[in-house]
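See below for the structure under consideration.
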Amino acid sequence: MAKESVTVCLPPCAPQDVHRAVGAAMAPYDYNGEPVPGGPEVETWWDYWFIGVRGAEFQVVPGGEHDPRLVRGTETFSGQPRVVPPALCDGGPRGLLDLEAPRARAAARARRAFEAWQDFSAAHPPARPSSHFRALHLADPEGYPWARALEDYRTQPAVVALLDDPELEELIGGDPADRLTGDPEAHARAAADEALPTHGLLTLDGRWLSIGCAEARRHFNEYLDALPDDTLVVRVAYHG
């Protein structure tokens, strides 16, 4: 069992009914529940849940921060009190959620990282990705042990120089010779697609979709974008 998150989509309902509506949507996947004849084939189970996923809050559209239809949970897995600032929420009508701003920030950061690595690495001999050294090790584990493969990767001039610049390393991230190649706009699109998805998506028609690959993340975003503005979209943390 693990602590995970799901984005639950619901028909419009009164604020006081949101918790009940989430519970009804989650019920077919209750670990302790009885199978429902004709219900969904269940691959995901939970044994408890609550509204709100710390670090995955939605941004509220400017001017909508105090709309009473917004949902803000007060629980955490650790039992500590949780206060969500007005600019963020755990859910609400789709039209009150600013889905584009976090995507734009993620895409802009991905572009900066890509450009920074290209500029930085140009001053050093071309660096090989860690996968190159891993492949050499797997081809001859005894003749080329993993410790040597790791050392050869880490002692490349560009990698050494990057490790000496923590601020730049934080922006660029690990193994840039493997990740930051090809089309920079493809990297930006992928980063935008990763900004919003949770582990799962519970659709209006009761399907629980696992969000674990690029195609699934793209579908997650397209699904939310296509929802009517009054559809409720709620972040839910669960133990499953």
> For the pair Ala139 and Asp165, how long in nm is the line joining their label points, each one 7 Å along Cα→Cβ?
Replying inline: 3.1 nm
>> Could you derive backbone 3J(HN,Hα) for region 118-123 from the dihedral phi with the Karplus parameters 6.51, -1.76 and 1.60 (θ = phi - 60°), listing whole Hz in sequence and x where the residue is Gly or Pro?
In response: 4, 5, 5, 5, 5, 8
> Residue by residue, what Karplus-based ³J(HN,Hα) values in Hz, rounded to whole numbers, does region 212-223 have, using 6.51, -1.76 and 1.60 with θ = phi - 60° and x for Gly and Pro?
Replying inline: x, 8, 4, 5, 5, 5, 4, 5, 3, 5, 5, 5
> To the nearest 10 square angstrom, what accessible area does His19 show with a 1.4 Å probe?
Replying inline: 110 Å²
> Once the whole set of protein chains is in place, how much accessible area is left on Tyr31, using a 1.4 Å probe, in Å² to the nearest 10?
Replying inline: 130 Å²
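Roughly how many debye, to the nearest 20, is the charge dipole of region 83-240 about its Cα centre, given +1 on each Lys and Arg Cβ, -1 on each Asp and Glu Cβ, and no other charges? Mind showing how you got there, number by number?
Details: 16 positive and 26 negative charges, 45 e Å.
Computed charge dipole of region 83-240: roughly 220 debye.
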> Got a number for carbon plus sulfur as a percent of region 138-235's accessible area, 1.4 Å probe?
Replying inline: 52 percent
> Could you give the distance between the Cα centres of region 137-203 and region 6-34, to the whole Å?
Replying inline: 39 Å
> Most mobile of Ala87, Ala113, Ala195 per a Gaussian network model of the chain (Cα springs, under 10 Å)?
Replying inline: Ala87
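Rounded to the nearest 500 deg cm²/dmol, what is the calculated helix-only ellipticity per residue at 222 nm for the chain, with -39500 (n - 2.57) per DSSP H run of length n ≥ 4? Don't skip to the answer; put the middle values down first.
Numbers: 9 runs with 92 residues, N = 240.
Calculated at 222 nm, the ellipticity per residue is -11500 deg cm²/dmol.
What GluC sites (Glu not before Pro) does region 58-165 have in DSSP loop regions with at most 13 other beta carbons within 10 Å? Kindly include the intermediate steps, with their values, before the conclusion.
Details: sites: Glu65, Glu75, Glu100, Glu115, Glu142, Glu151; in loops: Glu65, Glu75, Glu142.
Hits after loop and neighbour filter: Glu142.
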>> So, taking all protein chains as they sit and a 1.4 Å probe, how much accessible area belongs to Thr76, in Å² rounded to tens?
In response: 20 Å²
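The values are calculated or read from the model by the stated rules, or taken from the named source; none is laboratory data. Model, not experiment: these values are computed from the prediction. For neighbour counting, all protein chains shown are included, and Cβ atoms are generated from backbone atoms with ideal geometry for every residue, glycine included. Keep in mind that these areas ignore ligands, DNA and RNA; they rest on the heavy atoms of the full protein, side chains included. Shrake-Rupley method; radii C 1.70, N 1.55, O 1.52, S 1.80 Å.
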